[in-house]
Amino acid sequence: MLTSVHLMAGGGGDLAGFALAGYDTLAAVNHLQAAVQTVLLNRPVNGIVEDVSRLDMLSVPGADVLVASPICTEAAPAGGNAVRKQRQRPWAATRATAWCLIRYAQIHRPAVIVGENVLRFARWDLFEPWLKVFEAMNYTTRIVPVNAAHISSPGNPAAPQVRERLVFVLARRGIEVDLEVRPAATCRVCGPVQGVRCWKPTATRIAGHLIGAYDPGTGRHGAYYYLCPAGHGRVEPATTAMAPGIDWSLPMRLVADGHRRGPYAPATRARIRHGLIQWGGRPFVAILRRHKLSESLDGPVATITAAGTHHMLVQPGDDRTIDGCRVRMFTTPEKAYAQRFPDGWKFVTRFPKADRDKVPHGATPGGLLTGNAVPSNIAEWVGGRIRYALAA
């Protein structure tokens, strides 16, 4: 059986995916006790609580595959450091966590190193020099943008969440890992097909790799879309609905009654109004985030984040008024469903005392560990592709 080691393991999203792809996990490392405790609730692995920037790599076992995703908060669209301000405010945490992959590789020389990050990770000032260090250690680089809502494989459904991410695979020279994304789709002529990615002429190339987000064809900017392999035009990837992951037995609050601190904000009410008009009285999700309004539960929802306070479930009342709606925020199991954690994956409910100075004020373990996770379907997909390459 192939083996894996997981640095910056978080709540275990990538670990769960690699386990489903047939890997034996030798170790999971995270700086939060809550993260390691969560992993140990679900898998009997060697859990190590340590900041990876201080981790002695000789104390970590060697493995066939290293799975490690550097911190994304500096590069994320919600982060405080804009790309253009890196010289004034360098991405220090990005550098520290990304360099840990090099330190592990220098000692253990795994066959493959894989990780995931936001698309803007490629805009890090040191991104290309970082890749060149791996090249000097005889690794070749494959980088592919993916959307969690489009990534699936036999027995591994796509995530019910729109989540644009960058997957990087660094393989020892001679190991060829196929990372072509071929989503299930339906062609108006051929019927069921596997879509072929088509990059737009305006797509950005960074360090020799095409980088960009999916173009949903709604007038928003994007870098690529999918075509029928037989040449019959554009096809849309099949997606997974969020609705089956909702627990309707849980109590909800009447909008007219307000929340604990008073009435709902005008912006929240506007999003509920939009959903009532847009979705014809069916339950929906109000997205409490800039540039978002509401989304149907019949498809994937907006990106789950570590803050974990953006997805408000709305049950319209018989009168179809804003005040007549019942609402609540997504629960941890619902966020885990959106991230494609395996059914029944457990999360600790409180941060241990040792973690309290390491996490944002108001964060919860469930919110932080689901929002920061690598979607398990992406991990299972890339783990399967790597396993196939190593068997060749």
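The values are calculated or read from the model by the stated rules, or taken from the named source; none is laboratory data. As the structure is a computational prediction, the values presented were derived from the model and not from experiment. Please note: Cβ atoms are built from the backbone with ideal geometry, for glycine as well, and neighbour counts cover all protein chains shown. We work out accessible area using only protein heavy atoms, side chains counted, and drop any ligands, DNA or RNA first. Shrake-Rupley method; radii C 1.70, N 1.55, O 1.52, S 1.80 Å.
Taking S376 as meeting all but one of (1) open to solvent by less than 10 Å² (accessible area, probe 1.4 Å); (2) of a type in the set (S, T, Y); (3) more than 30 Å from L20 (Cβ to Cβ), write down the number of the exception.
Failing condition for S376: (3).
Hey, G22 hits all of (1) buried (at least 21 other Cβ atoms within 10 Å of the Cβ); (2) touching a helix residue (DSSP H, G or I) at 6+ places or on another chain (Cβ under 7 Å) but one; which does it fall short on?
(1)
Condition check: touching a Cys at 6+ places or on another chain (Cβ under 9 Å) and either at pLDDT 95 or above or polar (S, T, N, Q) (or both). Does G324 satisfy that?
no
Name, by its number, the condition in (1) within 30 Å of T140 (Cα to Cα); (2) in contact with a Gly (Cβ under 6 Å, 6 or more places away or on another chain) that does not hold for L390.
Among (1) within 30 Å of T140 (Cα to Cα); (2) in contact with a Gly (Cβ under 6 Å, 6 or more places away or on another chain), the lone unmet condition for L390 is (2).
Looking at A9 and the list (1) open to solvent by 50 Å² or more (accessible area, probe 1.4 Å); (2) part of a loop (DSSP other than H, G, I, E, B); (3) not β-branched (V, I, T), which single condition is not satisfied?
Here A9 meets the rest and fails (1).
Looking at G275, G299, G280, which one is assigned to a helix (DSSP H, G or I) and either over 28 Å from the mean Cα position of the chain (by Cα) or at negative phi (or both)?
Step by step, each of G275, G299, G280 is checked, and only G275 is assigned to a helix (DSSP H, G or I) and either over 28 Å from the mean Cα position of the chain (by Cα) or at negative phi (or both).
Yes/no per residue for (1) open to solvent by 10 Å² or more (accessible area, probe 1.4 Å); (2) assigned to a loop (DSSP other than H, G, I, E, B):
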{"residue": "T38", "(1), (2)": "no, no"}
{"residue": "E74", "(1), (2)": "yes, yes"}
{"residue": "T94", "(1), (2)": "no, no"}
{"residue": "L101", "(1), (2)": "no, no"}
{"residue": "V114", "(1), (2)": "no, no"}
{"residue": "R120", "(1), (2)": "yes, no"}
{"residue": "D125", "(1), (2)": "yes, yes"}
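Give the residues of segment 175-212 that are outside any loop (DSSP other than H, G, I, E, B), open to solvent by 60 Å² or more (accessible area, probe 1.4 Å) and basic (K, R), sorted by residue number.
R205
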